[in-house]
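Notes for the one structure printed next.
The values are calculated or read from the model by the stated rules, or taken from the named source; none is laboratory data. Source: prediction; values computed, not measured. Here the Cβ positions follow ideal geometry from the backbone for every residue, glycine too, while neighbour counts run over all protein chains shown. Note: accessible area is taken over every heavy atom of the protein model, side chains too, but ligands, DNA and RNA are not part of it. Shrake-Rupley method; radii C 1.70, N 1.55, O 1.52, S 1.80 Å.
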Amino acid sequence: SLLQSLDAAHSMFLQLPSCSILPPKDAYILSKVLSHALATQRAPERALKAYDAVRRPFAQSVAAKSWENGLIYTFNHPDFPVTGRESEEELTKILDPMLQRVINNMSWAWKTFIEDDVQQALDILDA
C-alpha cells in the first residue's frame, strides 16, 4: 500500500543537503491530510491519493535535481564538460554556470512552503 511504501519512496541520491528534511515534511503533510479526512468523514484512501498527487511530483523533482547536482559535483554533467586541461579563464566560464545550476537546484528549499502542500492536498481531498 501507499502507506507502507512511504519510507522507501525517499531513496534518492542525496546531493542536496535539504533532502534529509523530506521524510519529516511528508509525515507532517500526510498527518494533516489524514486527520482532515477523518474529521470530515472522507475515506482515508482519498486522503492518500490527494497526498500522493501533491508530494510524488515534488519528490521526483527534488530527486532529479539531487541527481543532477551529483553529476555536477563530480564533474560528470554533460552540460559542463571539464577535461582538466582548461585554462583558468576557460574553467571560470564552465564553473560559473555550474554554480548557478547548483543554486537553482537547491532553491526549492527556500521557495517552497509545507503549508502550501498541505492546502493543495486538502483542496484535492475536498473537491
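Structure notes:
- Within the stretch 26-57, the set of residues being touching a Phe, Trp or Tyr at 6+ places or on another chain (Cβ under 9 Å) and at pLDDT below 90 comprises just one member, Asp26.
- Residues (open to solvent by 60 Å² or more (accessible area, probe 1.4 Å), within 30 Å of Ala47 (Cβ to Cβ) and in a helix (DSSP H, G or I)) located in the stretch 94-118: Trp110, Lys111, Glu115, Asp116
- Top-ranked residue in the stretch 48-93 [being of a type in the set (Ser, Thr, Tyr) and more than 23 Å from the chain's Cα centre (by Cα); ranked as most open to solvent (accessible area, probe 1.4 Å)]: Thr83
- Residues in the stretch 55-88 that are in contact with a Lys or Arg (Cβ under 9 Å, 6 or more places away or on another chain) and either in a loop (DSSP other than H, G, I, E, B) or without any contact (Cβ under 8 Å) to a residue 24 or more places away in the chain (or both): His77, Asp79, Phe80, Glu86.
- Residues satisfying the stated conditions in the stretch 18-55, i.e. farther than 16 Å from Gln119 by Cβ and among the aromatic types (Phe, Trp, Tyr): none
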